[in-house]
Structures are given as C-alpha cells and as structure tokens.
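This report concerns only the one structure given below.
Quick note: the coordinates plus some simple rules give every number you see, no bench work behind them. Computed from a prediction, not measured in an experiment: that's the story for all the values here. Note that we place each Cβ from the backbone using ideal geometry, even for glycine, and neighbour counts take in every protein chain shown.
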Amino acid sequence: MADSEVPVNSETDLPTRPESTVRQPCRDHYDFVVIGAGVAGSLAAYLAARQGMRVLLVERQRFPRAKVCGCCLNSRAQQLLQQAGLADGLQALSPVPTSALRLQYRGRSLSLPMPGGLVVSRSRLDAWLVTEAVQAGAEFLDETTGKVLPLPDAGRKSDSETAESESETDCALRHVTLNSGTAPAAAVREHVVSARVVLACDGLALSSLSLLPEFHSEVSAGARIGLGATFPGTPKDSQQHPNEILMAVASQGYCGMVLTEDQQWNLAAAVDSRSLQRCGSPLNCLRDIFHSAGVVPPLGLDTAVVRGTIPLTRRTSRYAGTRLLLLGDTTGYVEPFTGEGMAWAITAATIAVPLAMRGLSLGWSRDAEHEYSRRIQRCVMREQGVCRALSSILSHPLLLRLTFAGASLLPAVTRTLITRVNRLPRQLEPIE
Ligand SMILES: Cc1cc2nc3c(=O)[nH]c(=O)nc-3n(C[C@H](O)[C@H](O)[C@H](O)COP(=O)(O)OP(=O)(O)OC[C@H]3O[C@@H](n4cnc5c(N)ncnc54)[C@H](O)[C@@H]3O)c2cc1C
C-alpha cells in the first residue's frame, strides 16, 4: 500500500525527538495498541494512558515529522484539548491566534472573520501530544510500522461474524505485527504484540489495515492531491497580516498560507491532479495558484520543501471491527475548510477511548462497535457536510464568484457557517 505522504523534493529541519522514545516494545501484551501518532493517535494514547491502561503508541516515521496540513486548530479542537487537561501545554507552544480568513481569487479579496483559531506547526503540535502521552505512561515507538493481523479464524468467518461469537466468550485479543527500522531488510526487526483493543489512527492510506480486506477506502471521483511546504520566513516576506489565514484560490486548486509560531511559512494546498501533471512540478503548481489568484508568494518558496499526499477525498467501508476502532483520517477524508480535520480527529479520540474502555470492562461486543460507528456518524460525518459544500464551491469558478458576491451581501450566512464548523457537536454525550 502506498505511503499517504511523501516528500517530493528535499528534507527540512525539525524540532528535537520526543524524550522516552523506546527502541522496541517493553512487553508482548497491551491494553491498547495505537497505530499512528498524528493528533488522533497521540491524543487517544494520552487519554488511555491517563486512565491507567497499558498503551503502546507506534509511528512509522521518525518523530518529530513534517505533515501536509494548514496548521489551523479551530475552537472545537481547542475546547476538546482543554477538556482533556491540555490547555496549558497547548498555550506553551505559543500558537499564533488567527482573526480572519482572506480568500483571494483572480485578484479579488474576501475577508471572513475567523476569531478563536490558532496556528501551530504540526511537527511541534504532534511531538508535544506524543510527549504528553509518554508522560501519562504510554510507550512510544517511532520508525515502526504497525499492521493489524486478521483474527485466527478469519479465514472461515468474516470479522463481524467473529465479533458475534467473541461476545459470548470474550477471550480474543487483537494481534499487531510491528516492523521497526529501515532497509536493508536485515536491519528490520519484527515483533508481534497483542492488545485488548487496537486503535487504527494511521491516516489516509489505511496501511495498518491492509491485511483486513473488509476495511478499504473508496477514493472520490476528482479527489484532489494535498501539497505542503514549510520554509523560514517573517511577516515582511509577504503582504499577509500575521494573524490572517490567506487562501489563494484558482482553477488548479487552492493553497492556504500561514506564518507559524516558529517563524515558518506553512503552505498547504489541495490541487487538481491533472493540473498538477500539466504544471510539471508541485512547486510550479503552487506558483501557478498564487499567480492566478493574484497573490505574491512569500520569499523562500522557490527553495521550499514540497511534500505530497495520495488523493484526499475518500470514504472508508466501516469504522469498527472486533476490538478495533478507526479514528481520524482512517475513517475517510473531506477537505477541511480551516481547522476541521484535526478537530474531527480529536473528536474521534474523545469518543473512542471511553467507549473502548467500557467495551473492555463489560466484554467486547458488536454493540460497542455499533455504538462507536453511530457516534462517529453523528459527531464527525454529519458535520462534514458544510466542508463538502465549501470544497465544491472552491472548485467551481461560477459558484466561487457568486459566493464572493453573496458573502459580502449576506455576512450573517458566512458567520453562521463559520460558527457551525467551530462549535462542539451537541451529540458528544458522555459515555456511561
Ligand atoms: C492540504 C491539507 C491541509 C489541511 N489543513 C488543515 C488545517 O488547517 N487544520 C486541520 O485541522 N486539518 C487540516 N488538514 C487535515 C488534517 O491534516 C488531518 O485531518 C489530520 O492530520 C488527521 O489526523 P490523524 O491523526 O487522523 O492522521 P495523521 O495526522 O495523518 O497521522 C497519521 C500518522 O500515522 C502514521 N502512520 C501511517 N501508517 C502507519 C503504520 N502502518 N504504522 C504506524 N504509523 C503509521 C503516519 O506517519 C502519521 O504520522 C489538512 C489536510 C491537508 C491534506
């Protein structure tokens, strides 16, 4: 299975590695094995470890790592981190507050109020969350790829049939194979660990579930490719206000630009795959978007690192299986507007950990899986409608022009949409 994200030119400098990174699992058996240390996985590992669970968090890349992302954390995400007791730690990262989103299209500008948002670089945010998980008691193993193994009798029964029979005995464990190290093959170490529950938080490509055919994702027609670039900068390099998110919109796609707390320009784009091919290189594609939108790109873009993703918009066949829950981008992907992607991943972690713990104490059953899927549907999938609509608007020039006109005539509609994507979902009811 393809990596979900690859650098398409060179490497970049990153902050230091989280402390207490282990080199191999300290035991064979865990309560939780969490695969993938993005926001979903590292927060879930933290929440579970804080409850006294034995947690192993594995991450394929060496940490800290870069990530294609606009780095905008909306107020829902912040509220959930605050509820998890992480508000002070987040503030200690010195995130940049945002007050407005400026859309720029063919030289025209539309500024939308975006109060309460924060910008924080993903390498530092994710590394901090991992450190919090480790301090809460989780083991962290990076440069390690996790794959969930099929249940022993999966050849005879489907995963859901197995779940039904397991609820009678409740003795099954989930096994995960871990591959640490890199080529040559002789340097790769393999371990198999067991878990009472596995959380698959490994992002778009669903690589942790490649051995379980019942979990697959369907890429939407016309799905865009993500591009990201990070390079040193100062406010003087651009016409952009430091507390503003600038979104350059063009027929090739759109590119968001922010200055992060560590004085880096962070560019994150969703581009049409045919336009990308026509442009000849990802860097040219970013330049073209800026040019068409009438935005002068910041100094430093020409030598920037550009990373690319696999096609973005997709749906996953199911969100849960026997002792297995999917969180964050593994459940599917809708292009975020500003800050929803991480908020949905954080929401999923907040739902998954207490439900999994209840499933472990009462005996795992299909009810736990259905309950998880139901909550993800209500608190994440339903909320994605607004972003899906906005993403369609950004790809249709006529709709975009009407939106530019409408937003200035009907500011209340714009405010309602922004409030809607930022609020805590009403259905985030407590888990008994
Ligand atoms: C262009 C673009 C702009 C975006 N802008 C924003 C924004 O401004 N705000 C926002 O909130 N969201 C934004 N998003 C979305 C956001 O980045 C994601 O929704 C969010 O990162 C999902 O978090 P996650 O934890 O599910 O996955 P990820 O953050 O992708 O983390 C998954 C981790 O799993 C690891 N992994 C993968 N496979 C394995 C394996 N088999 N074993 C072990 N580890 C594995 C990966 O290396 C990775 O570290 C943007 C996305 C794109 C593409």
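Couplings 3J(HN,Hα) for region 132-145, derived from phi with the Karplus relation 6.51 cos²θ - 1.76 cosθ + 1.60 (θ = phi - 60°), are 4, 5, 5, 5, 7, x, 6, 8, 10, 10, 9, 6, 9, 9 Hz, where x marks Gly and Pro. Considering all different alpha carbon pairs of region 232-308, the Kirkwood hydrodynamic radius works out to 12.6 Å. Put simply, the Cα atoms of region 289-358 extend 53, 21, 21 Å along their principal axes, the longest span coming first. One way to sum up the overall shape of region 212-270 is the equivalent ellipsoid from its Cα gyration tensor, whose semi-axes run 31, 15, 8 Å, largest first.
Sorting 358-371, 264-277 by their mean Cβ neighbour count within 10 Å, with the most densely packed peptide first, gives 264-277, 358-371. Ellipsoid fit via the Cα gyration tensor, region 175-332: semi-axes of 36, 19, 16 Å, each the root of five times an eigenvalue, largest first.
Based on C-alpha pairs under 8 angstrom that are at least 6 apart in sequence, region 281-353 has a relative contact order of 22 percent.
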